[in-house]
1. Is it fair to say B:GLY91 is within 14 Å of another protein chain (Cβ to nearest Cβ), buried (at least 23 other Cβ atoms within 10 Å of the Cβ) and at negative phi?
2. Looking at region A:62-85, is at least one residue within 14 Å of another protein chain (Cβ to nearest Cβ), touching a residue at least 40 places away in the same chain (Cβ under 8 Å) and open to solvent by 70 Å² or more (accessible area, probe 1.4 Å)?
3. Could you say whether any residue in region B:226-236 is of a type in the set (Asp, Glu) and part of a helix (DSSP H, G or I)?
4. Does region B:131-140 include one or more residues that are under 22 Å from B:SER46 (Cβ atoms) and among the aliphatic types (A, V, I, L, M)?
5. How many residues does region B:237-257 hold that are outside any loop (DSSP other than H, G, I, E, B) and without any contact (Cβ under 8 Å) to a residue 12 or more places away in the chain?
6. All but one of (1) away from chain A (no Cβ under 11 Å); (2) over 24 Å from B:THR201 (Cβ atoms); (3) of a type in the set (A, V, I, L, M, F, W, C) hold for B:ILE37; state the number of the condition that does not hold.
7. Determine whether region A:135-144 contains at least one residue that is part of a helix (DSSP H, G or I) and among the polar types (S, T, N, Q).
8. Among residues belonging to region B:60-81 that are small (Gly, Ala, Ser) and part of a loop (DSSP other than H, G, I, E, B), point out the one that is surrounded by the most Cβ atoms within 10 Å (Cβ to Cβ).
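The values are calculated or read from the model by the stated rules, or taken from the named source; none is laboratory data. Everything quoted here is computed from the prediction, not taken from an experiment. Neighbour counts are summed over all protein chains in view; Cβ atoms, including those assigned to glycine, are modelled from backbone coordinates with ideal geometry. Each accessible area value is taken on the protein alone, full model and side chains, heavy atoms only, with ligands, DNA and RNA left out. Shrake-Rupley method; radii C 1.70, N 1.55, O 1.52, S 1.80 Å.
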Amino acid sequence: MNIFAPVGRVFLNFLRSVGRLTIFTVKSLSFCVRPPFYFRTLFSQMVEIGFYSLPVVALTTMFSGMVIALQSYSGLSSLSSEGVVASVVELTVTRELGPVLAALMVAGRVGAAMAAELGTMRVTEQIDALTTLSTNPFKYLVVPRILAGIVMLPILVLIGDVIGIYGGYLICIYKLDFNAVNYLRNTWNFMQAVDIVSGMTKAAVFGFIVTLMGCYNGFYSKGGAEGVGKATTNAVVASSILILISNYMLTELFFSK
Amino acid sequence: MSDEIKVKMTDVHKTFGKKVVLDGVTLEVKKGESLVIIGGSGTGKSVTIKCIQGLLTPDSGSIRVDGEEIVGLSAREMERINAQTGMLFQGAALFDSLNIWENVAFGLIQGKKMKRAEAKEIAIKKLAQVGLDADVGMLYPDEVSGGMKKRVGLARAIAADPELIFFDEPTTGLDPIMSDVINDLIRSCVKDLGATGITITHDMSSVRKIADKVAMLYKGKIIWYGDVAEIDRSGNPYVEQFINGRADGPIQMEIRG
């Protein structure tokens with residue numbers, strides 16, 4: 001038996017998957033700007049992604065803001081730089097933790113659900129049924145989900161930023177006895193437009209990644225219940241990895257000197 | 001029934017990897033005729049109708065619907081062809097997120113851009129045609145029985161008054177009485193519409209009730225074609241074994257130990 005055969009098979013499967021994902025992405029993007037548009041489905045996906053993810057994103061960013069405040073205080077107090085805590089919290093939440101944590105939470109909640117829903121539709125022939133009813137499954141199922149992800153994740157992140165900074169504020173004021181007015185002034189003075197713009201841009205890209213991976217894995221799932229389970233796992237794992245990789249690339253783009 | 005050809009397949013081949021599923025299928029269905037394709041599991045029945053619907057693309061060969069070549073048509077052009085067709089799926093393939101009347105009216109609302117109120121009225125009429133009350137229209141697919149799902153699937157298939165209707169294993173999983181009810185409904189619906197029907201099944205009572213013509217697929221080839229009245233005296237050992245359901249004969253089941 002040729003020992004290179006399994007390696008070659010894995011490599012060819014990888015290339016096949018990359019090719020299929022590329023075609024899926026190009027197709028999805030091209031259908032985003034071509035009618036018909038399904039506004040009812042778009043609205044329900046916006047509610048699903050934005051409104052129902054709010055509690056989990058709020059909790060995550062709130063506690064992250066609180067942890068950053070505690071950690072930065074314990075590190076900076078030894079250098080007598082406690083005044084910088086507000087700016088550290090603001091910077092970390094708006095530039096990094098807000099978008100990344102919100103995206104990871106949405107990947108776990110929404111990306112997985114999308115893969116499971118579309119996967120079930122695939123194995124029960126509902127996607128074929130759409131085609132026979134003269135409805136393009138890409139336009140009806142994929143496009144509204146991707147657009148909703150791109151639009152709603154930045155809004156979620158914006159709300160998450162405010163809640164995260166508020167989490168830091170709560171710790172600094174009520175536990176570490178900072179002056180509230182000084183803390184807020186430091187936060188406001190240190191904040192730059194690029195912090196918010198980079199965070200929103202990242203959020204939109206992450207929203208695209210989460211919904212794309214959820215739809216892609218669900219759309220091409222096969223093999224019954226086991227296949228749907230695999231699709232769900234793959235959607236979450238792939239989007240989490242892509243979020244972290246693209247986060248680095250976007251940070252390079254915005255902040256490298 | 002006219003002499004005009006509704007569907008014509010010529011030398012259609014389809015393979016999946018190394019597995020040859022269709023090996024030169026040649027078949028024609030006249031307008032208003034009901035053709036039933038019989039054959040064991042894995043002989044290529046489903047692939048045949050999926051090729052006609054554009055859900056799968058044949059490797060070679062020609063498929064003409066109303067004289068128009070459909071192999072190689074774009075998704076958009078296939079939507080136009082599919083607007084004149086209906087399909088009853090094996091598992092009904094009803095959309096879980098929509099209630100029953102919305103399922104029936106789906107092709108009218110999304111495909112034909114009909115107003116919801118008007119489409120609902122037609123959906124209720126079609127539900128009545130398959131023996132279901134208007135109240136059922138407000139239920140969701142998971143709230144009705146398997147037999148009712150098939151009826152809803154049938155109502156959806158005939159909702160847009162199609163010229164060509166496909167039935168994929170219409171009686172699989174139903175008790176004998178419900179199977180007979182579905183067979184009667186299929187017969188009456190196709191007759192009322194004056195539509196052409198293509199059914200795939202291995203249920204011989206369905207064949208005798210629904211079919212004008214019967215074609216038998218074996219190993220991706222049509223090995224017998226004729227009037228339903230002739231099936232019992234076909235003289236073909238494969239057909240005889242199949243219709244009598246005998247284990248002994250030229251058809252050997254592939255059982256891997």
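1. no
2. No, region A:62-85 contains no residue that is within 14 Å of another protein chain (Cβ to nearest Cβ), touching a residue at least 40 places away in the same chain (Cβ under 8 Å) and open to solvent by 70 Å² or more (accessible area, probe 1.4 Å).
3. Yes, region B:226-236 contains a residue that is of a type in the set (Asp, Glu) and part of a helix (DSSP H, G or I).
4. no
5. 3
6. With respect to (1) away from chain A (no Cβ under 11 Å); (2) over 24 Å from B:THR201 (Cβ atoms); (3) of a type in the set (A, V, I, L, M, F, W, C), B:ILE37 is out only on (2).
7. no
8. If we take residues in region B:60-81 being small (Gly, Ala, Ser) and part of a loop (DSSP other than H, G, I, E, B), then B:GLY72 is surrounded by the most Cβ atoms within 10 Å (Cβ to Cβ).
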